[in-house]
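What follows is a single structure, written as structure tokens, with notes after it.
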Amino acid sequence: MASTVSTDALALQRLYHWESTTPDRMVFTQPLGGGQVATYTWRQVLDQVRRMAAHLQNTGLKPGDKVAILAKNTAHWLMADWAIWVGGFVSVPLYPRWRPAPSARSWSTPKPSCSSWASWTAGTA
């Protein structure tokens with residue numbers, strides 16, 4: 001039996017909810033090495049997500065296009081993944097430790113229109 005999910009319970013709506021209700025709440029603590037960490041609030045995260053989504057849209061991608069993402073499991077991976085969703089695209093995750101067979105399945109037809117690396121947001125504010 002199928003169940004219906006309320007539209008306000010969908011992933012992006014939950015992100016927008018947390019941004020609007022607790023914008024200054026810390027959501028990520030990312031180790032940087034050397035004992036340093038970066039922290040991100042909901043406001044900062046959604047700001048970066050929107051910037052990345054705008055960049056992807058400005059490249060000429062169309063809603064529904066697939067965007068491959070290859071990165072370590074970091075805060076920026078999640079932000080890049082969410083940016084793909086916000087832009088209306090479909091994320092195709094590629095994991096660095098995958099053997100060739102799973103990676104080949106991810107690249108099966110139709111092929112991603114673009115690839116991105118989560119580290120491209122490092123150092124942005």
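The values are calculated or read from the model by the stated rules, or taken from the named source; none is laboratory data. Note that this is a predicted model, so its numbers are computed, not measured. Methodologically, a virtual Cβ is constructed for each residue, glycine included, from the backbone with ideal geometry; neighbour enumeration extends over all protein chains shown.
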Residue match in region 46-56 (condition: among the small types (G, A, S), closer than 18 Å to Q13 by Cα, assigned to a helix (DSSP H, G or I) and in contact with a strand residue (DSSP E or B) (Cβ under 8 Å, 6 or more places away or on another chain)): no
Test: residue in region 26-43 that is of a type in the set (A, V, I, L, M), in a helix (DSSP H, G or I) and crowded, with 16+ Cβ neighbours inside 10 Å: no
Test: Q57 is surrounded by 17 or more Cβ atoms within 10 Å (Cβ to Cβ) and polar (S, T, N, Q): no
Residues of region 8-25 satisfying the condition of being over 18 Å from G87 (Cα atoms) and surrounded by fewer than 13 Cβ atoms within 10 Å (Cβ to Cβ): D8, A9, S20, T21, D24, R25
Residue in region 114-121 that is among the small types (G, A, S) and at pLDDT 55 or above present: no
Subset of region 76-91 [of a type in the set (A, V, I, L, M, F, W, C) and crowded, with 21+ Cβ neighbours inside 10 Å]: M79, A80, W82, A83, I84, F89
Region 57-103, residues that are at pLDDT below 95, aliphatic (A, V, I, L, M) and farther than 22 Å from T29 by Cα: L61, V67, A68, V90, V92, L94, A101
Pairs, first in contact (Cβ under 8 Å) with a residue 24 or more places away in the chain in region 2-13, second aliphatic (A, V, I, L, M), C-beta under 8 Å, six or more apart: L12/V86
Where a residue in region 83-98 is touching a residue at least 60 places away in the same chain (Cβ under 8 Å) and its partner, wherever it lies, is small (G, A, S), with Cβ under 6 Å and at least six apart: V86/A53
Where D81 falls short, out of the listed (1) among the charged types (D, E, K, R); (2) touching a strand residue (DSSP E or B) at 6+ places or on another chain (Cβ under 7 Å); (3) not in a helix (DSSP H, G or I): (3)
